[in-house]
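Data first, discussion second: the structure below is written as structure tokens.
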Amino acid sequence: MSVPISEKQLLNDILPLILESDAEGINELLKNHRAEDIAEIFWDLEPDESKFLIKVIDKEKAVDVIRSLDEELQETLFKAYTASEIAGDVVAYLDSDDSVDILNLLPTQKAEEVLSHIHDQDYAKNLAAMLHYADDIAGGLMAKELIQVRHNWTVSQCVEEIRKQAEEVQSVHTVYVVDAKNVLVGVVSLKDIVLTKAHSSVIEITNTEVISVNAYATGEEVARLMSKYDLITIPVVDSMNRLIGRITIDDVVDFIKEEADKDFQLQAGLSENVESDDKVLILSRARLPWLMIGLIGGLGSSMLVSNFEGDISRLPQIAFFMPVVAAMGGNAGVQSSAIIVQGLANNTLKSRNIMPKLAKEFTVSLINGLACSAILLLFNVVLGHGYDLSMVVSLALITVIIFASLLGTVTPLILERLKIDPALATGPFITTTNDVIGLGVYFLLGRMLLGAF
């Protein structure tokens, strides 16, 4: 049972114990605290203090703390470790998927040294094989630890084997049934094993309609399958359908969170994943590319407006509504692109329903454009801006909203076809584009419709 205590209080209590190297006092203090809560204080510890804390606390809890640490904290922590210490004090106690995550944080040479210091050669080979997979595909998300039995065994044999294998598996969700060549046959639940007579064959209670993923399936596909079928674990197979690992729901949740963070930052105009406490140059590097695009877009708008300088001088009021037209176009485009990006992300947008989607977006944008234009027209009439100017501004607004909405719909689809993250279409890219195009439409309509031009 955990004791409710503030992070600041826990930090104040534990720092003197770390300075005094009081391992017994530290374990006594932390014995009733959850690993996730302990991990929070590592933000305020020096690397040597963090290393000492991990070393002296109970190994099982230490593993959970390491697993709960932010990736940045893990990277900082392991700079204080030698390759031998990482192998013996950390990797040896982690599941293979967590170990691979840590190895991926290390420089290549140090990661290889860690593998060379692992005493269990089979485990080291498994980790080396898993390092070949990218971290955003099934092979990079999977763990090698699982329970598997042969299809021709009796339930009694399975129970005995489960007892042996379970020592290496942190949590047993499902038992996988394979043949002599390790080809996945199906799955069997622990409940069925417990309730079935010992002499019965396990194949009799095996569900052969098992859902699995290839090692090179994308993380998005894994997440989609687990969400669609409400799975808490999914087996990973190779090209010959041989069982090579499993992915649990906690790993998929972590993946989804990371992808959501990336998309959020991309939408905000950040070209790489950064944190608020990163170095100034890293933060600047992440922000500058999109600021440059915004600058280019702004210069484009300025050059566009300069071409209509004479028109503005003859009717200065036309310039009053430039910010309104540009802003409304940008907002309409982002709204449409956000809906399409969401559909692409959750796989609800299929090629067969793209045209109906475009038709729907056109209808929605037309209704929204008419509503906004009517309000703007009423505003202009009340303020006495003149009928001609009011009509031009209102018609321009309808046109810009419709065009921006269609552009916001089509752009993510084009990016998806080009294998570029569609989330790019909801960021500064679409906003800047719509600003330039919106102003162009506005002034061209003004020139065509106003005789004074």
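Table for the structure above
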quantity	calculated
Degrees separating the helix 7-19 axis from the principal Cα axis of the chain, which is the longest one	50 degrees
Hits among lysines - C-alpha to C-alpha of LYS125 under 28 Å, sequence gap 8 or more where chains match	LYS51, LYS55, LYS59, LYS61, LYS79, LYS110, LYS144, LYS164, LYS181
Spacing of the two label points (7 Å from each Cα toward its C-beta) at SER302 and GLN170, in nm	5.4 nm
Label point distance in nm, ALA92-LYS55, each placed 7 Å from Cα along Cα→Cβ	1.5 nm
Antiparallel DSSP beta bridges within the chain, as percent of all bridges there, nearest 5	70 percent
The chain: calculated mean residue ellipticity at 222 nm from DSSP helix runs of at least 4, using -39500 (n - 2.57)	-19500 deg cm²/dmol
Model label zone, ASP44; criterion: amide N under 16 Å from point 7 Å along Cα-to-beta-carbon; scope the range 6-28	6-19
Degrees separating the helix 428-449 axis from the principal Cα axis of the chain, which is the longest one	20 degrees
Tilt relative to the chain, helix 387-417 - C-alpha long axis, 0 to 90 degrees, to 10	30 degrees
Estimated FRET transfer efficiency when R0 is 41 angstrom, pair SER21-ASP250 (beta carbons, to 0.05)	0.75
Among LEU69, TYR133, ILE14 - extreme Cα towards positive end, dipole of the range 7-136, charges at beta-carbon	TYR133
Contour excess over end-to-end distance, with Cα ends at GLN157 and ASP120 and 0.36 nm allotted per residue	10.7 nm
Positive dipole terminus of the chain, leading residue within THR206, ILE38, VAL155 (C-beta point charges)	THR206
Cα gyration tensor, the range 1-50 - rounded (a/c under 1.5), prolate or oblate	oblate
Virtual paramagnetic centre 7 Å along Cα→Cβ of GLU112, amide N under 16 Å, in the range 82-99	83-84
Theoretical gain in end-to-end length, ASN241 to LEU370 [0.36 nm per residue, Cα-Cα removed]	40.8 nm
Backbone N under 18 Å from the LYS79 label point (7 Å along Cα→Cβ), restricted to the range 13-50	42-50
Proximal lysines to LYS360, defined as alpha-carbon separation beneath 30 angstrom and excluding residues fewer than eight positions away on the same chain	LYS228, LYS262, LYS350, LYS419
Separation in nanometres of the label points that stand 7 Å from Cα toward Cβ, at LYS181 and ALA134	3.0 nm
Extent along principal axes [Cα atoms of the chain; Å; largest to smallest]	92, 61, 42
Global geometry of the range 7-136, whether rounded, prolate or oblate, following the gyration tensor of its Cα atoms and the 1.5 cut on a/c	prolate
Within the chain, longest stretch free of exposed trypsin sites (Lys or Arg not before Pro) [DSSP loop, at most 10 other beta carbons within 10 Å]	1-180
Volume per residue that the Cα convex hull of the range 280-449 spans, once the total is divided by residue count, Å³	135 Å³
Sites excluded, GluC sites (Glu not before Pro) in DSSP loops with at most 14 other C-beta within 10 Å, longest stretch of the chain	21-208
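Read-outs throughout are calculated quantities, based only on the coordinates presented, and are distinct from any laboratory measurement. If you're wondering where the values come from, they're calculated on a predicted model, not measured in any experiment. FYI the Cβ positions are ideal-geometry reconstructions off the backbone, even for glycines, and counts take in every protein chain you see.
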